1. Taking Leu75 as meeting all but one of (1) assigned to a loop (DSSP other than H, G, I, E, B); (2) farther than 21 Å from Pro11 by Cα; (3) among the hydrophobic types (A, V, I, L, M, F, W, C), write down the number of the exception.
2. Quick test for you: out of Gln399, Gln437, pick the one residue that is among the polar types (S, T, N, Q) and either closer than 20 Å to Asp328 by Cα or not assigned by TED's automatic domain parsing to the domain that holds Ser324 (or both).
3. Among Arg40, Arg51, Arg5, which is the only one that is part of a helix (DSSP H, G or I), surrounded by 14 or more Cβ atoms within 10 Å (Cβ to Cβ) and out of contact with any strand residue (DSSP E or B) (no Cβ under 8 Å at 6 or more places or on another chain)?
4. From the list Glu209, Glu204, pick out the single residue that is touching a Lys or Arg at 6+ places or on another chain (Cβ under 7 Å), over 30 Å from Met271 (Cα atoms) and either among the β-branched types (Val, Ile, Thr) or assigned by TED's automatic domain parsing to the domain that holds Arg477 (or both).
5. Have a look at Ala350, Ala357, Ala315, Ala337 and point out the one that is farther than 18 Å from Lys440 by Cα and aliphatic (A, V, I, L, M).
6. Specify which of the listed residues (Gly227, Gly217, Gly245) is over 30 Å from Ala323 (Cβ atoms) and of a type in the set (Gly, Ala, Ser).
7. Give the range 175-200 a look and list any residue that's surrounded by fewer than 18 Cβ atoms within 10 Å (Cβ to Cβ) and in a helix (DSSP H, G or I), or say none.
8. Does Ser55 satisfy the criteria of being hydroxyl-bearing (Ser, Thr, Tyr) and either within 36 Å of the chain's Cα centre (by Cα) or at positive phi (or both)?
Amino acid sequence: MADLRALSFQPVDLDGLGNVPGRIAVFVTPDLKLTAGARRLNRLAKGAIARATTSETWDKLSEGKVMSLGWPAGLEAEAVDLVKLSRRPSADLARKAGAALAIAAGHAALTVLVESTRRPEEIALGLALRGYGFDDHKTKKDSALGAATLMCAKPDEAKAAAVPRIAVAEGVHFTRNLVNEPANVLTTTEFATRLEALRDLGVEVEVLEEKALEKLGMRALLCVGQGSDSPSKVVIMRWTGGAKGDAPLALIGKGVVFDTGGISLKPAVGMEDMTMDMGGAGVVSGVMHAIAKRNARANVVGMVGLVENMPSGSAVRPGDVVASMKGDTIEVVNTDAEGRLVLCDVMWHAQETEKPAAMIDLATLTGACIIALGHEKAAVYSNDEDFAGAFLKSAETEQEGAWRMPLGQAYDDMLKSPVADMKNIGGRPAGSVTAAQFLKRFVKDDMPWIHLDIAGVAHVKSDLDLSPKGATGWGVRALDRLISDRFETRD
C-alpha cells in the first residue's frame, strides 16, 4: 500500500533539475506552451521535449495523459514524463493527470514540476489515489507509488490545500486495505480490532459482542453468523466534531467478512471474490478515518455489522423464521440474501440509540444491481428527494458513479410471506429494488434515508482512472463531500 507520508511539497529549483534522480514530470499545454521548468529541461535534454511535443504521438495524446521519454541525454533522471494539461484544468482532469503520473512512475521516485495554476492539491490527490498498491501478502513489495515530490511556486499553500484531500485519500486506502484482505486474515475479530485503532484519531469506538446483541434483540443479524466459528459483532464509531447536541449523520455498513451463501450455497466459481462482501462496512470505516484525519466539524456515527455467513449444522436454514430488533418477523427464504438481515438490525439500533438527523446504509447487497448498472455506478434508493439529490451531487463532484433507482408499493408487495411479517427476498425480478424495499421497512417514517447498493463498484477486475483493479474505495470521497457540504458546522 502507498505510504502517503512520502508525498512532499518543495519550492521550484530550476538550477537543480539536471541532477534530479528517478523520474521528473512537467506539464505542457495542448497548444504547446512550456513552463519555465519545461524550457529548462528542454535545454538540458538538447531539445528532446520540443521534438516529442511536435510528434504525431503527442498530437494523439488525450489531455491529462502522459508521454514518457526514457533516459534523456543531459539529465540524471531515468525518464521525463510529459503531461498534456491546460493551465487551468478542472479538478477532475488535474486528478486524472496525477493518476496518470502515478501509473507512469510505478515505484520509482518522482518529482513533479507544478509551476502555475494547475491545482497541485488535486494532482497530489490523483497521485495518492492511483498510487495505491496492496502487496501485504507478496514477497516483492513494489506495487505502490514511491516517494513523490511536488515542486510548486507556493509549496506551503499547496500543502495546506492538499492536507484535507490527502486525509480523504488515506480514508480511501483504509477502505481498500480492508476490502482487499483475505478472509482468513480479516476475521470479524480482526476487523473490529482495526476499527478500535481509530481511537488514536479521536474516534470513540464501541464493540458489541454476541451476548449484547442477543440482549438487544438483534436476532436477524445473529442468525447470519450462527453457522460460523467467527463471533458476530457490531462496531459503533462516533465522531463528535460538530456542534454539541446536533444530531449526527448515521452511516451503516454491511460487514460480511466472507459469504459462502450459507445453506443456500453459492457456486464454487467466483466464490473467492466474496472476501469483498464487507465492502459497505469498509466504506463506512474509511469515511470515519477520513473525517477524523481532517478534523471535520461534523457529528457522524458509523455502525458496522460484522458477521461470517457459513454453512454448518448450526447455520440458519431456508424456511426458518427470525425476529428482528424492531420486532418484525422474517421468513428466511434464501440464506444468501443475508446482508439485509444484518443491516436491518443495525439500522434500527442506530435510530433507537443515536437519534440521527439522517441515515445512509451501504452494502454489496445484490448481484441484481450489477446486472442493472454494471460496474459503472452504484444504485441509489431513498425516501427523501432533497437528501438523495444532495448525495448525487456529491457523487458527481467526486466523479463516483451513482444512479437513482425506484421504490414503490408493488415491489414491497413482493416481500409478503405466508408464515411471517415478510420474507427476505422477493424473487428474481427487480432483486436490487426488493432488497431496498426490505430495508425501507426498518426506516422510521420521519427519517431521511439513502440505501447504496455498491455490489458493482466496490471491487473491480480492471484498472480505473483513480484506482488499480481490486478494491476501489468507492463512496469514501462522495460521502466525505456530502458531510462537508451538508453536515459540517459553519462559523
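1. (2)
2. Gln437
3. Matching residue, one of Arg40, Arg51, Arg5: Arg40.
4. So the residue among Glu209, Glu204 that is touching a Lys or Arg at 6+ places or on another chain (Cβ under 7 Å), over 30 Å from Met271 (Cα atoms) and either among the β-branched types (Val, Ile, Thr) or assigned by TED's automatic domain parsing to the domain that holds Arg477 (or both) is Glu204.
5. Ala315
6. Details: Gly227 fails: over 30 Å from Ala323 (Cβ atoms); Gly217 fails: over 30 Å from Ala323 (Cβ atoms).
Within the list Gly227, Gly217, Gly245, the selection yields Gly245.
7. Scanning the range 175-200 gives Thr189, Glu190, Thr193, Arg194, Glu196, Ala197, Arg199, Asp200.
8. No; evaluated as a whole, the condition is false for this residue.
The values are calculated or read from the model by the stated rules, or taken from the named source; none is laboratory data. It should be emphasised that the depicted structure is a prediction, and the values quoted were computed from it without experimental measurement. In this analysis, Cβ positions are derived from the backbone assuming ideal geometry, glycine residues included, and neighbour counts consider all displayed protein chains.
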